[in-house]
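Engineer: Sharing a structure below in structure tokens format, with a few things to ask.
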Amino acid sequence: MKPLGIGLIGTGYMGKCHALAWNAVKTVFGDVERPRLVHLAEANAGLASARAAEFGFEKATADWWALIADPDVDVVSVTTPNQFHAEMAIAALQAGKHVWCEKPMAPAYADAEHMLQVARQSGKVAVLGYNYIQNPIMRHIKTLIGEGAIGSVNHIRVEMDEDFMADPDVLFYWKSELSAGYGALDDFAVHPLSLLWYLFGHVEAVTTDMVKPYADRPLKEGGRRAVENHDAANVLMRLGGGISAVLMANRAAWGRKGRIALQIYGSKGSILYDQERMNEFELYQAEGRGSEQGFRKILAAPAHQPYDRFIPAPGHGLGFNDLKIIECRELIRAISGEPASIVTFEDGLRIEKSVHAMAQSFHERRWIEIG
Ligand SMILES: NC(=O)c1ccc[n+]([C@@H]2O[C@H](COP(=O)([O-])OP(=O)(O)OC[C@H]3O[C@@H](n4cnc5c(N)ncnc54)[C@H](O)[C@@H]3O)[C@@H](O)[C@H]2O)c1
């Protein structure tokens with residue numbers, strides 16, 4: 001296979017994360033061709049040139065259509081704000097490129113549906129950036145559940161919290177616009193939903209409450225602008241197999257920095273995980289004498305693959321950006337026609353359908369069955 005030619009649109013938080021992954025995937029995994037970093041697009045030419053030099057891309061442009069038209073680009077990383085995903089991903093797929101698009105697909109469900117339709121027509125690989133499923137610990141939790149280590153799962157609680165919107169004086173920016181989505185639900189809740197999908201399958205029914213902690217936020221140029229979406233949400237959910245679940249998401253939760261706390265309860269035990277301590281999980285198995293039963297803390301180790309591709313020593317720990325490197329390897333696997341652990345546009349659309357059902361249930365004050 002010739003080296004994949006990479007195009008990157010957007011170079012903010014996630015753009016850098018994708019660039020790190022494309023740069024590192026060969027070094028970490030060895031068994032792939034080193035990708036060729038061909039073309040990078042940013043909102044203005046100066047920033048594009050600066051980032052291309054930093055990230056190691058050959059060409060830079062302020063016109064992302066030029067990147068799409070570049071015959072040397074085989075895969076396009078879309079890491080721009082949510083409202084640009086649909087147009088960029090669709091253009092890339094129609095130009096015959098594979099797409100690695102950040103989550104969520106699009107604020108409007110019809111746009112996300114269109115993305116899937118074009119992906120199907122193109123026959124190209126279309127993957128979403130749900131990196132948390134890539135944690136070797138999460139893979140191991142899935143294996144344990146499959147082996148029946150905690151029996152039959154009946155109840156799940158998952159909380160996702162950060163505090164980047166907790167300060168009422170945070171300036172108004174695109175994340176508070178309805179055109180970017182409902183707020184905590186699609187900015188946030190899609191991540192725990194990707195974990196639930198990975199471990200248990202899709203959500204079947206939901207009922208939701210949402211809250212807007214601050215009615216407006218200051219503008220950079222002075223004055224204030226009304227906040228258009230909700231920073232926190234509580235959702236009751238029903239999953240397949242009669243599993244009852246609770247999802248709480250809050251991006252205005254002071255003190256929480258990167259929390260995705262998962263509690264999984266089964267007939268023979270429990271599993272606890274928190275993304276803020278992503279290199280460990282706790283396992284309780286109702287075995288042996290009750291006098292010695294208790295949670296065991298298990299540290300990430302080479303036995304939890306592909307941790308071993310990064311570090312040979314247990315307990316030393318991976319980081320957030322490493323999950324993107326693993327996701328990148330899985331994407332390359334999918335492009336090569338091999339089985340891959342990814343969230344495709346197909347599954348991504350079902351996650352977004354759940355999010356829209358949550359918002360609908362909030363507005364209509366009732367349970368919604370997701371078809
Ligand atoms: N997977 C994850 O864990 C994760 C984490 C954070 C954000 N995200 C997602 O990543 C996406 C980007 O978020 P972010 O935090 O990196 O945002 P950001 O604001 O840090 O970066 C976005 C970048 O896109 C650039 N951009 C905007 N319009 C452009 C255009 N027309 N052409 C080229 N570049 C353009 C901006 O200049 C900016 O550099 C969002 O969809 C967000 O939901 C995913």
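Engineer: Cut-off under 15 Å on the C-alpha distance; same-chain residues fewer than 8 positions from LYS97 excluded. Which aspartates and glutamates are left, in chain and number order?
Structural biologist: ASP70, ASP72, ASP74, GLU87
Engineer: Given Cα pairs under 8 Å that are at least 6 residues apart, what percent is the relative contact order of segment 5-124?
Structural biologist: Reported as a whole number, the value is 25 percent.
Engineer: While we're looking at this one, here's another question. Whole Å is fine, so just give me how far the alpha carbon centre of segment 147-163 lies from that of segment 110-127.
Structural biologist: Result: 31 Å between the Cα centres.
Engineer: Which value, in Å² and to the nearest 10, is the accessible area of HIS363 when all protein chains are kept and the probe is 1.4 Å?
Structural biologist: Taking all protein chains as shown, HIS363 has close to 120 Å².
Engineer: Explain nothing, just the number: dipole magnitude of the chain about its Cα centre with +1 on each Lys and Arg Cβ and -1 on each Asp and Glu Cβ, in debye rounded to the nearest 20.
Structural biologist: It works out to roughly 480 debye.
Engineer: Mark the label point 7 Å from the Cα of SER179 along Cα→Cβ and return the residues of segment 92-107 whose backbone N is within less than 20 Å of it.
Structural biologist: 102-107
Engineer: Tell me the label-point distance for the pair HIS155, HIS316, using the 7 Å Cα-to-Cβ offset, in nm and rounded to one decimal.
Structural biologist: 4.1
Engineer: Another question, if that's okay. In whole angstrom, how far apart do the alpha carbon centroids of segment 10-52 and segment 247-289 sit?
Structural biologist: 33
Engineer: Here's something else I'd like to know. Spelling out what I want: for every residue of segment 254-266, take phi, set θ = phi - 60°, compute 6.51 cos²θ - 1.76 cosθ + 1.60 (Karplus), and round to whole Hz; glycine and proline get x.
Structural biologist: For segment 254-266, the Karplus curve yields 3, x, 8, 10, x, 7, 9, 9, 10, 10, 10, 10, x Hz.
Engineer: Please compute the contact order of the chain in relative form: average sequence separation of alpha-carbon pairs under 8 Å and at least six residues apart, divided by the residue count, as a percent.
Structural biologist: Reported as a whole number, the value is 18 percent.
Engineer: Let me spell out the model: positive unit charges on the Cβ of Lys and Arg, negative unit charges on the Cβ of Asp and Glu, origin at the Cα centre of segment 154-214. What dipole size does that give, in debye rounded to 20?
Structural biologist: Here the size comes out at about 220 debye.
Engineer: Given a cut-off of under 8 Å on Cα pairs at least six residues apart, what relative contact order in percent is computed for segment 87-236?
Structural biologist: Once divided by the residue count of segment 87-236, the mean separation gives 22 percent.
Engineer: Keeping every protein chain in place, order TYR273, TYR182, TYR13 by accessible area at 1.4 Å, biggest value first, i.e. largest first.
Structural biologist: TYR13, TYR182, TYR273
Engineer: Let me cross-check VAL211: its accessible surface, 1.4 Å probe, with only protein heavy atoms counted, in Å² to the nearest 10?
Structural biologist: 80
Engineer: Compute, for SER244, the solvent-accessible surface of its heavy atoms (probe 1.4 Å) with the complete set of protein chains present, and express it in square angstrom to the nearest 10.
Structural biologist: Its accessible surface works out to 40 Å², give or take rounding.
Engineer: Over 29 Å between C-alpha atoms is what I'm after, so list which of LYS175/LYS324; LYS2/LYS257; LYS2/LYS175; LYS103/LYS297 land there.
Structural biologist: Too far apart for the 29 Å limit: LYS2/LYS257; LYS2/LYS175; LYS103/LYS297.
Engineer: If you rank THR344, THR143, THR208 by how much accessible surface each has, with a 1.4 Å probe, what is the order from largest down?
Structural biologist: Greatest to least solvent exposure: THR143, THR344, THR208.
Engineer: Mind jotting down a quarter of the surface of the convex hull over the alpha carbons of the chain, in square nanometres, one decimal?
Structural biologist: Taking a quarter of the hull surface, the average projection is 19.5 nm².
Engineer: How big is segment 5-124 by the Kirkwood estimate over distinct Cα pairs, in Å?
Structural biologist: This gives a value of 14.3 Å.
Engineer: Calculate, for ALA110 and GLU346, the FRET efficiency according to 1/(1 + (r/R0)^6) with r their C-beta to C-beta distance and R0 22 Å; round to the nearest 0.05.
Structural biologist: 0.85
Engineer: Next question, about the same structure. Please list the three semi-axes, largest first and in whole Å, of the ellipsoid equivalent to segment 102-194, using sqrt of 5 times the eigenvalues of its alpha carbon gyration tensor.
Structural biologist: 29, 23, 11
Engineer: Say R0 is 22 Å: what FRET efficiency, to the nearest 0.05, do GLU87 and GLU369 get from their beta-carbon distance?
Structural biologist: With R0 = 22 Å, the Cβ-Cβ based efficiency is 0.10.
The values are calculated or read from the model by the stated rules, or taken from the named source; none is laboratory data. In this text, all values refer to a predicted model and were calculated from it rather than measured experimentally. Please note: Cβ atoms are built from the backbone with ideal geometry, for glycine as well, and neighbour counts cover all protein chains shown. Surface areas here come from the heavy atoms of the whole protein model, side chains and all, with no ligands, DNA or RNA. Shrake-Rupley method; radii C 1.70, N 1.55, O 1.52, S 1.80 Å.
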